[in-house]
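To keep things clear, I will list the structure first and then write my remarks on it.
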Amino acid sequence: MQAPKFAASRSFHQELKRRTNAYFAEAGTAPTGNKSLYFKAILLTASFVAVYLHIVFLTPPAWVAVLECALLGGIGAAIGFNVMHDGAHGSFSKSKWLNQFAAFTLNVMGGSSFMWNAKHNLIHHMYTNVEGVDDDLNAQPWLRLSPDQPRRMLHRFQHLYFWFFYALLFIAWIFYMDYQKYFQRKIGEMPIKKMTATDEGVFWGFKVLHLGLFVALPIYMVGFLPWLIGFVVFACVAGFSLSIVFQLAHTVEHTSFVVPHATTNKIEDEWAIHQIKTTANFATDSKIISWLVGGLNFQVEHHLFPTISHVHYPALNKILRQMCLEFGIEYNEYPNMRYAVASHVAHLRQLGRR
């Protein structure tokens, strides 16, 4: 499949970059992470290790172990939002090796940073909500996320059962989808670049490490059934947390879903305008939510500036909102997470019925 093309860049994107550069120059700060982010990364990572060691080696009572597995899933998702995500985008630190180290937390959890870079950084961020290209929209046949996807009878109830499939995301991701991409050598219909020997070694080496840390060792220490219950709880909490945050950013009522022109394969808007139309923010006034989800509630700013750390998004939010007012561009933002979830449910309900 040939990638679609955007309209030529106009004055909006150039002016936005100028104002953003001026902000960092005036503030005298780098666009990467800062001490508060590094402290959070250490805190989350140490917490994850501590809870993991307590579950596996100290064998707490069953009810405590289940609660700790749920906590481990939540911490794991928080590491994904705050550490891995910035690292994979090269915005965690000025240091290339530290960014790679942060990105590799995904590999330890069982995912593949190589596949994530291809699926998320290269495809999703470039062609957000473009039907047939953005693989984040592909949850067929179970869910219909875009109005240009085929509608099936079961989709009438997708606004009721989507919670179940979101919870299964992490399990499907690490045990199926990564391998599917590896062997098919494509994401959706988009081919991925050839893996080097190092890429191959990292992919398989960390897959084996994950199986050792999260499957073999726990089974050896606590037995198969306790491991199975604990792992499912851990993975479902992590999967649902990851799913709902990313879905609230794009599959809600007020975002656009785009199909390239059938003949020219072009998209009507320039890239920056396209990102604003296909993305939404939520709960940007909540410091707690911002801390937990690594600023991904500022998703519009993230899509326009993926190589800038999320610690700077509140400042960029003010610049961008002012520019949208000046240029007459609609800016999608929900005041709190509850409204965003309600909009996502309404979106699924609407797509399930027509």
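The values are calculated or read from the model by the stated rules, or taken from the named source; none is laboratory data. Quick caveat: nothing in here was measured; it's all calculated off a predicted structure. To get the accessible areas, we keep the full protein, side chains included, count just its heavy atoms, and leave off ligands, DNA and RNA. Shrake-Rupley method; radii C 1.70, N 1.55, O 1.52, S 1.80 Å.
So the values come out like this:
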{"quantity": "Solvent exposure, largest accessible area first (probe 1.4 Å, DNA, RNA and ligands not counted), of LEU209, LEU106", "calculated": "LEU209, LEU106"}
{"quantity": "Overall Cα dimensions of region 1-120 - principal axes, largest extent first, Å", "calculated": "62, 44, 25"}
{"quantity": "Amide H within-cut-off set for ASN336, under 5 Å, with H built and near neighbours excluded", "calculated": "ALA283"}
{"quantity": "Cα long-axis angle, helix 313-327 against the chain (0 to 90 degrees, to the nearest 10)", "calculated": "30"}
{"quantity": "Fluctuation leader among ALA27, ALA118, ALA139 - the chain, Gaussian network, Cα springs under 10 angstrom", "calculated": "ALA27"}
{"quantity": "Degrees between helix 35-58 axis and first principal axis of the chain (Cα, 0 to 90, nearest 10)", "calculated": "30"}
{"quantity": "Whichever aspartates and glutamates have a C-alpha closer than 13 Å to that of LYS207, once near sequence neighbours (fewer than 8 apart) are set aside", "calculated": "ASP178, ASP199"}
{"quantity": "At 1.002 mPa s and 20 °C, Stokes D of region 241-354 from Kirkwood alpha-carbon radius, µm² per second", "calculated": "145"}
{"quantity": "Interchain or long-range residues, amide H under 5 Å from ALA139's placed H", "calculated": "LEU145"}
{"quantity": "Subset of LYS186/LYS318; LYS35/LYS119; LYS287/LYS318; LYS17/LYS194 violating a 27 Å alpha-carbon distance limit", "calculated": "LYS186/LYS318; LYS35/LYS119; LYS17/LYS194"}
{"quantity": "Gaussian network model of the chain, springs between alpha carbon atoms under 10 Å - residue of PHE214, PHE92, PHE114 with greatest fluctuation", "calculated": "PHE214"}
{"quantity": "Cut-off under 5 Å, modelled amide H: who pairs with LYS5 long-range", "calculated": "LYS266, ILE267"}
{"quantity": "Once the Cα gyration tensor of region 142-258 is diagonalised, semi-axes √(5λ) in Å", "calculated": "30, 23, 12"}
{"quantity": "Interatomic Cα distance distribution for the chain, bins of 20 angstrom, percent", "calculated": "28, 60, 12, 0"}
{"quantity": "Rg in Å to one decimal, and Dmax rounded to a whole Å, for region 62-104 via C-alpha atoms", "calculated": "13.7, 44"}
{"quantity": "For region 206-288: Kirkwood Rh in Å [reciprocal of mean 1/r, alpha carbons]", "calculated": "16.9"}
